[in-house]
Amino acid sequence: MPGPDLDFWQQRFSQRQTPWDRGAPGPQIARWIADGTLGPGLSIAVPGCGSGHDVLALAEAGCAVTAIDYAEEALTLTRECLSAAGATAELVRADVLAWQPTQPFDAIYEQTCWCALYPDHWQAYARQLRHWLRPGGRLLVLAMQCQRPGAAEGRIEGPPYHMDIQMLRALLPSTDWAWPAPPYERVPHPIGWVELAIVLTRR
Ligand SMILES: C[S@@+](CC[C@H](N)C(=O)[O-])C[C@H]1O[C@@H](n2cnc3c(N)ncnc32)[C@H](O)[C@@H]1O
């Protein structure tokens, strides 16, 4: 299968080549806490948690966080981040395309894991996200907008891979998900692109 694999991500962490890492929580988390989308008591999954800044912010907001990543170094950094702040979360070393929780979650915070997966995996990942959530649960997506010139010639360039909004509508159809009406908040990302912040509700 083409695209980045576990070795790719492990190397990125061990060589500290992590340009996606804000070194701080994503700014949309504070907005979602302020408007009540996120709050105490919520069980929430963070797939592809990376170095764990978002995990910490969600744990500090009172959420019961389960952080999933298949790169050991990512989980080590997340553990350090939590322990420096005296916070806790469940850390799971697993492939997001295979792992299943024992209980469905109230919410999923999807920050830069989807766009790290090669598009061949997107259908399977969309199915996973649906299985992980309880009915009425919320999928909080930061959809990376990074279409490059090669797309006009059919090239697939990434990671990050462009999360086309029409493709997302096809993968998360409105028969299965309640979509809010656009326009969606545009959140700048440190790698130079923007993300669309979208809260979908699982039907
Ligand atoms: C671009 S990084 C984003 C990290 C973090 N969410 C952030 O925004 O800083 C992608 C993360 O997803 C993880 N990842 C990629 N594919 C994965 C898979 N199939 N299963 C589990 N983790 C995966 C990588 O190890 C990496 O930590």
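Observations on the structure shown:
- DSSP beta bridge pairing in the chain, given as percent antiparallel to the nearest 5: 45 percent
- In this Cβ point-charge picture (+1 for Lys and Arg, -1 for Asp and Glu), segment 1-45 has a dipole of about 160 debye about its Cα centre.
- Loop-located trypsin sites (Lys or Arg not before Pro) across segment 89-167 with a Cβ neighbour count of 10 or fewer within 10 Å are 155, with loop assigned by DSSP.
- Equivalent-ellipsoid semi-axes for segment 1-76 (Cα gyration tensor, √(5λ), whole Å, largest first): 26, 13, 11.
- For the chain, the solvent-accessible area with a 1.4 angstrom probe is 47 square angstrom per residue.
- Helix-derived mean residue ellipticity, 222 nm - over the chain, DSSP H n ≥ 4, -39500 (n - 2.57), to 500: -8000 deg cm²/dmol
- Scaling the Cα radius of gyration of the chain by the globular reference 2.2 N^0.38 Å produces a ratio of 0.96.
- The fraction of accessible area contributed by carbon and sulfur in segment 88-162 is 46 percent, rounded to a whole number (1.4 Å probe; ligands and nucleic acids excluded).
- Debye intensity ratio I(q)/I(0), log10, segment 71-157, q values 0.14, 0.20, 0.21, 0.23 Å⁻¹ (C-alpha model): -0.65, -1.12, -1.18, -1.27
- J(HN,Hα) series, segment 121-126, from Karplus relation 6.51 cos²θ - 1.76 cosθ + 1.60, nearest Hz, glycine and proline x: 8, 5, 5, 5, 5, 4
- Euclidean distance between Cα centres, segment 60-91 to segment 132-186, Å: 26 Å
- Of every Cα-Cα pair in segment 159-203, the percent that sits beyond 18 Å: 33 percent
The values are calculated or read from the model by the stated rules, or taken from the named source; none is laboratory data. These numbers come from a predicted model, not from an experiment. Please note: Cβ atoms are built from the backbone with ideal geometry, for glycine as well, and neighbour counts cover all protein chains shown. Side chains included, ligands, DNA and RNA excluded: accessible areas come from the protein's heavy atoms. Shrake-Rupley method; radii C 1.70, N 1.55, O 1.52, S 1.80 Å.
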